[in-house]
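The values are calculated or read from the model by the stated rules, or taken from the named source; none is laboratory data. Note that the structure is a prediction, hence the values are computed from the model and not measured. So basically every Cβ, Gly included, is an ideal-geometry build from the backbone, and we count neighbours across all protein chains shown.
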Amino acid sequence: MEDNFKMVAKTFYGFEEILAKELLQLGAQDIKPGNRMVSFVGDLGFLYKANLCLRTALKILKPIHSARVQNDEELYQLFYDFPWEDYLDIDSKFMIDSVVSGTIFTHSQYAAQKAKDGLVDFFRDQHNERPSVDLNRPDLRINLHIQDDWCTISLDS
């Protein structure tokens, strides 16, 4: 049996309890409704099941790293230092979507741009090449969520 991990199902405001019930009926563990999201635990098979069966979920995210960031340079460094080679290579196409709230980051596109800069600069420094950004058909969708000084990097399944 595979190891369980945390996932986050994004939804519309007001649908959190409905989504939590759907997750319970599917067999999710440790279900916790939040603001426009419900976190839960399951294995890789459940990740696929959630994507196929949940009617009120907009997307299913798999968090891969969390850290505190106080400014845009720390966000850049977080993305620069992250082991992206475990997730994509130079020939891969990726995109970063972001949601920010708080006083440190006030513009989601700016946060996504700083994160992208850190990621591609890492590849450029290590390999003299970089992966491409593709907003329409990326190989890897990265979700960046920053609330106050807490940053979570997730993969969009």
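Exactly one residue among LEU47, LEU52 is more than 17 Å from SER154 (Cβ to Cβ), part of a helix (DSSP H, G or I) and outside the structural domain of ILE146 (by TED's automatic domain parsing), and that residue is LEU52. Pairing each residue of segment 60-72 that is in contact (Cβ under 8 Å) with a residue 12 or more places away in the chain and under 8 Å from CYS151 (Cα atoms) with any residue that is assigned to a loop (DSSP other than H, G, I, E, B) and β-branched (Val, Ile, Thr), provided the two are 6+ apart or on different chains, yields C-beta distances under 8 Å for VAL69/ILE104.
Quick check, is ALA28 in contact with a Ser or Thr (Cβ under 8 Å, 6 or more places away or on another chain), over 22 Å from ALA115 (Cβ atoms) and not β-branched (Val, Ile, Thr)? In short, no.
A count restricted to segment 1-17 and to residues that are surrounded by 15 or more Cβ atoms within 10 Å (Cβ to Cβ) and within 11 Å of THR56 (Cβ to Cβ) stands at 5. Residues in segment 1-30 that are among the charged types (D, E, K, R) and in a helix (DSSP H, G or I): GLU16, GLU17, LYS21, GLU22.
Filtered by the rule that a residue be surrounded by 13 or more Cβ atoms within 10 Å (Cβ to Cβ), free of Cβ contacts under 8 Å to residues at least 40 places away in the same chain and among the charged types (D, E, K, R), segment 42-59 gives a lone residue, LYS49.
Looking at ASP89, ASP125 in this structure, which one is charged (D, E, K, R) and part of a loop (DSSP other than H, G, I, E, B)?
Working: ASP125 fails: part of a loop (DSSP other than H, G, I, E, B).
The unique qualifying residue is ASP89.
Scoring PRO138 on the criteria (1) in contact (Cβ under 8 Å) with a residue 40 or more places away in the chain; (2) outside any strand (DSSP E or B); (3) within 24 Å of MET37 (Cα to Cα); (4) touching an Asp or Glu at 6+ places or on another chain (Cβ under 7 Å) leaves a single failure, condition (4).
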